[in-house]
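Since the structure comes first, as structure tokens, the remarks are kept for the end.
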Amino acid sequence: VVSRRMQELRRLRRHFFDEPIRGNRYRVEQVVGQGASGLVVSAIDTATGAEVAVKRMQRGFEQIPIAVRILRELKFMRLLRGHDNIVEIRDLLVPARPTSYNDIFAVLKLMPTDLGHVLRSNATLSDTHVLFFMYQLLRGLHYLHSAGVFHRDIKPSNILLNKECELRICDFGLARVSWDNEPDMVIWTDYVATRWYRAPELIATHVSPYSTAIDIWSVGCIFAELLGKGRPMFPGASGYEQLRLIMNVLGTPSAPTLAKVASDRVRNHFQSLPPQARQPLENLFPSADPNALSLLSKLLAFDPADRPTALEALAHPYFEDFYEPGAEATAAPIPREEFAFENRRLNAAQMRRLILEEAAQYHPELARELTRDAARGFSTGRF
């Protein structure tokens with residue numbers, strides 16, 4: 001077994017940085033996470049001895065939408081860094097082949113696990129664990145929302161943890177900014193956001209207005225999962241089953257609430273079902289703190305207008321031992337021009353250049369090279 005692990009480690013070290021990196025100083029230790037968005041390893045910074053995480057995003061330019069999602073995430077991590085409960089990016093490595101690279105490497109603060117893994121492992125979580133996780137999650141969400149950022153994919157696997165029980169929100173590939181504080185229209189497809197944590201106003205309808213309340217609903221679903229010892233609250237296999245599971249708990253929405261549902265089809269579906277009474281949360285979570293259930297009922301309000309903001313949730317009596325009024329940090333406004341690329345039709349060469357420009361935020365020497373290159377009139381020359 002030891003021999004096999006050593007072979008796997010040697011193979012990982014040999015191939016993780018198949019994409020040549022300029023001045024690479026990171027020695028790979030082990031895999032800590034893998035998903036659709038990339039492979040994450042723990043590594044040692046040989047210049048400082050610090051243990052870090054390195055995320056490799058592979059074949060980022062084979063499809064332009066993937067490259068756009070990667071650039072979006074890199075920008076959000078940089079623009080939102082500095083908060084204790086947001087993933088901390090430390091570096092974006094510079095490719096040795098600037099006009100033909102395919103993989104992107106981000107260096108992050110090491111967070112060895114995520115809440116999804118903890119919930120699946122059947123680890124025993126005390127009431128204090130649940131309280132502390134929820135407090136940190138809402139602090140991070142308040143920081144995001146103060147910048148007008150909607151995460152849009154809050155779920156357990158996007159909540160990183162370490163052994164000190166510190167929590168950081170990650171994966172901003174689906175996030176969006178609203179610059180005018182008005183509800184936006186969004187086109188939702190079934191693979192956008194995980195259904196189990198998706199707010200009812202977004203289920204079974206392809207076009208819907210949304211606000212920060214969609215993230216608050218997702219937090220409520222996670223809270224219920226924590227209180228339920230890892231049992232998902234609404235594990236629907238389809239949009240309509242999801243709505244049925246929600247109605248089984250929350251009861252039939254009121255007529256004024258149903259009138260706000262954007263989809264005629266969804267509204268008619270609700271009206272065709274027999275009326276259902278709301279289930280007392282005490283029946284579902286008999287051992288839970290009454291203050292926890294009071295907060296949960298607010299987070300899982302069917303009408304988004306009835307859900308609290310993250311800051312209002314933090315002021316709930318459930319957090320009275322943690323929350324200090326006026327102490328929560330707010331984020332600086334996000335410049336609109338940072339995301340101007342979202343409105344342009346770009347090819348792979350242009351996306352490579354934009355990600356190089358993002359790497360230059362961490363490497364002044366690269367910024368100077370890119371500036372010289374632009375001054376010479378080259379758009380895709382050396383860089």
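Just so it is clear, none of the values below were taken in a lab; they were calculated from the coordinates. Fair warning: this is a prediction, and the values are worked out from it, not measured in the lab. Note that we place each Cβ from the backbone using ideal geometry, even for glycine, and neighbour counts take in every protein chain shown.
Per residue of the chain, the DSSP helices (runs of n ≥ 4 H) give a summed -39500 (n - 2.57) that works out to -11000 deg cm²/dmol at 222 nm. Distant-in-sequence amide contacts of V94, defined by a placed amide H-H separation under 5 Å and a gap of 5 or more residues or a different chain, comprise R22.
Taking other Cβ atoms within 10 Å as a rough exposure proxy, V107, V68 sort from fewest to most as V68, V107. Among H15, Y197, G116, whose Cα sits farthest toward the positive end of the charge dipole of the chain (+1 at Cβ of Lys/Arg, -1 at Cβ of Asp/Glu, about the Cα centre)? Selected residue: H15.
Our note on the geometry: Cα centres of segment 1-61 and segment 343-378, 25 Å apart. The shape of segment 113-319 comes out oblate: with a ≥ b ≥ c from the C-alpha gyration tensor, a/c is at least 1.5 while a/b does not beat b/c. For the residue pairs K229/K260; K155/K298; K109/K298; K163/K229, the alpha carbons lie more than 29 Å apart in K229/K260; K109/K298. Evaluated with a Cβ-only charge set (Lys, Arg +1; Asp, Glu -1), segment 113-319 carries a dipole of roughly 380 debye about its Cα centre, given to the nearest 20. Considering the options S272, A359, W217, tell which one lies farthest towards the positive end of the dipole of the chain, charges being +1 on Lys and Arg and -1 on Asp and Glu at the Cβ, about the Cα centre. Going by the Cα projections, it comes out as A359.
By the count of other C-beta atoms within 10 Å, a proxy for reagent exposure, M351, M111 are ordered fewest to most as M351, M111. Annotation: peptides 292-300, 227-235, ranked by per-residue average of other Cβ atoms within 10 Å with the highest first, follow the order 292-300, 227-235. Charges were assigned to the Cβ only: +1 to each Lys and Arg, -1 to each Asp and Glu. The resulting dipole of the chain about its Cα centre is roughly 1640 debye. Note on the chain: along the principal axes its Cα atoms extend 67, 49, 42 Å, ordered by decreasing extent. Could you tell me which of S178, S126, S146 has its Cα farthest along the dipole of the chain towards the positive end, charges placed at Cβ (Lys, Arg +1; Asp, Glu -1), taken about the Cα centre? It is S178, whose Cα lies furthest towards the positive end. Protection proxy ranking of 305-312, 195-202, 113-120, by the mean of other Cβ atoms within 10 Å over each peptide's residues and highest first, is 195-202, 113-120, 305-312.
Put in line by how crowded their Cβ is, counting other Cβ atoms within 10 Å and starting with the fewest, S178, S126 read S126, S178. Rounded to the nearest 20, the Cβ-based charge dipole of segment 243-383 about its Cα centre (Lys and Arg +1, Asp and Glu -1) stands at 1000 debye. The order of the peptides 149-160, 47-58, 267-278 by mean Cβ neighbours within 10 Å, most packed first, is 149-160, 47-58, 267-278. Amide H contacts of A50 (H built 1.01 Å from N, in plane; Pro and chain starts excluded): D45 sit under 5 Å, all sequence-distant by 5 or more or on other chains.
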